[in-house]
């Protein structure tokens, strides 16, 4: 079967990840689809085909595909709602019968013209990493099930790529990622979040290597946390909501005070997440963001990575109220407190969420500077 790919699958590393094998260069040929154009699916990191008389959608014609190859490609594309349909493409100036994936009518809104190089610069590494997890479910979960999970799959991929770009080159003792030997990776549970089970060995401080050990971790995405602070009024805003973690721990009062927080969407800077969540959860516009820290809250059991900020805001007229998104079943109450009372609560061990305590101690140290500059 000849298959015409017009979008992200033109990126060979992604194509090979989906196929699960290397692709022979002789099986890839430039081609185009007449009277169509390739445009972004609005708000997404992939394109779609749109009828456009006189235009041409550039792409690749894939040959040498077996039934298993087509099944894997279909699994990947069906997760985005695409179906394989016959087309007549042009290669080397001659028409050729092929098949291409089209989305259901109206499922995605067309955006601007698609630019493969622009996509590659921002999304290629993330989407290729995400495709590896997607294809790991092939034969175990339906494409529809994986599509439901895809935003978090993509978020985990984005977190991994960000860590690769931003981490220090070596640990304090000089150890590097290359000093870990991965034997196997399994995901015994995956839905909105995932549990990953690693079988690995690592270099030890005496120069030897550990035996292969099993380590299971909770695998979410990166998260942004921000404490809104008004340096003019010397007030902070806190959120209160029910949390299943304290409930599962046996806490008699599983409603916690905490900063504004949210998951970092794939392709979204953590600072943008902080501003978005402040608007969604508290109706606040944040001015300058001060970095408190970036790091792992529980490195022994989770890959979660926090970006923690204090966000300068005008809390004038902001009273205790309610917030959150109904779509996420959020039931949030906001509290505006004097900064000194908040700091005293941290000193008195009245706060149970560790990142909030960290914000309190940071604010105690930097409060005078922030007030003097306001």
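Coordinate-derived values only; no laboratory data. Given the structure is predicted, the values throughout are model-derived calculations rather than measurements. When we count neighbours, we look across all protein chains shown, and the Cβ atoms used for this are built from the backbone with ideal geometry, even at glycine.
Taking the average, over residues, of other Cβ atoms within 10 Å as the packing measure, peptides 80-89, 53-62, 103-112, 8-17 rank 8-17, 53-62, 80-89, 103-112 from highest down.
Packing here is the average count of other Cβ atoms within 10 Å per residue, and on that basis the peptides 333-345, 63-75, highest first, run 333-345, 63-75. Counting 0.36 nm for each residue step from residue 296 to residue 170 and taking away their Cα separation leaves a gain of 43.7 nm. Segment residue 97..residue 30, full-extension length gain: 22.7 nm, with 0.36 nm per residue of separation and the alpha-carbon distance subtracted.
Taking the C-alpha atoms only, the angle from helix 143-166 to the longest principal axis of the chain is near 70 degrees.
Provide the gained length on full extension for the span residue 90 to residue 122, in nm with one decimal, where the gain is 0.36 nm per separating residue minus the Cα-Cα distance. Don't skip to the answer; put the middle values down first.
Values: separation 32, 0.36 × 32 = 11.52 nm, distance 2.95 nm.
Computed gain between residue 90 and residue 122 is 8.6 nm.
The long axis of helix 270-282 is offset from the longest Cα principal axis of the chain by roughly 60 degrees.
Would you please give the FRET efficiency between residue 181 and residue 265, computed as 1/(1 + (r/R0)^6) with r the Cβ-Cβ distance and R0 = 25 Å, to the nearest 0.05? Using R0 = 25 Å, I get an efficiency of 0.15.
Approximating the spin labels as points 7 Å out from Cα along Cα→Cβ, the residue 56-to-residue 197 distance works out to 5.3 nm.
With the cut-off at under 13 Å, measuring from each backbone N in the range 9-35 to a point 7 Å along the Cα-to-Cβ line of residue 68 picks out 19-22. Listed by Cβ neighbour count within 10 Å, with the fewest neighbours leading, 193, 205 appear as 205, 193. Rounded to the nearest 10 degrees, the inclination of helix 67-78 to the longest alpha-carbon principal axis of the chain is 40 degrees.
Compare the peptides 363-372, 225-234, 29-38, 241-250 by average per-residue count of other Cβ atoms within 10 angstrom and give them in order, highest first. Spell out each step's value before the answer.
Working: 363-372: 14.2, 225-234: 23.4, 29-38: 18.6, 241-250: 12.0.
Listed from highest to lowest mean packing, they are 225-234, 29-38, 363-372, 241-250.
Once both labels are positioned 7 Å from their Cα atoms along Cα-to-Cβ, the gap between residue 288 and residue 115 label points is 3.3 nm.
Calculated mean residue ellipticity at 222 nm for the chain: -10000 deg cm²/dmol, from DSSP H runs with n ≥ 4 weighted as -39500 (n - 2.57), summed, divided by the residue count and rounded to 500. Across the range 131-202, the mean sequence separation of Cα contacts (distance under 8 Å, 6 or more residues apart), normalised by length, yields a relative contact order of 22 percent.
Per residue, the average separation of C-alpha pairs within less than 8 Å and at least 6 apart gives the range 223-373 a relative contact order of 30 percent. Fewest neighbouring Cβ atoms within 10 Å first, the residues 195, 5 line up as 195, 5. Relative contact order for the range 33-175: 23 percent, from Cα pairs under 8 Å spaced at least 6 residues apart, divided by residue count.
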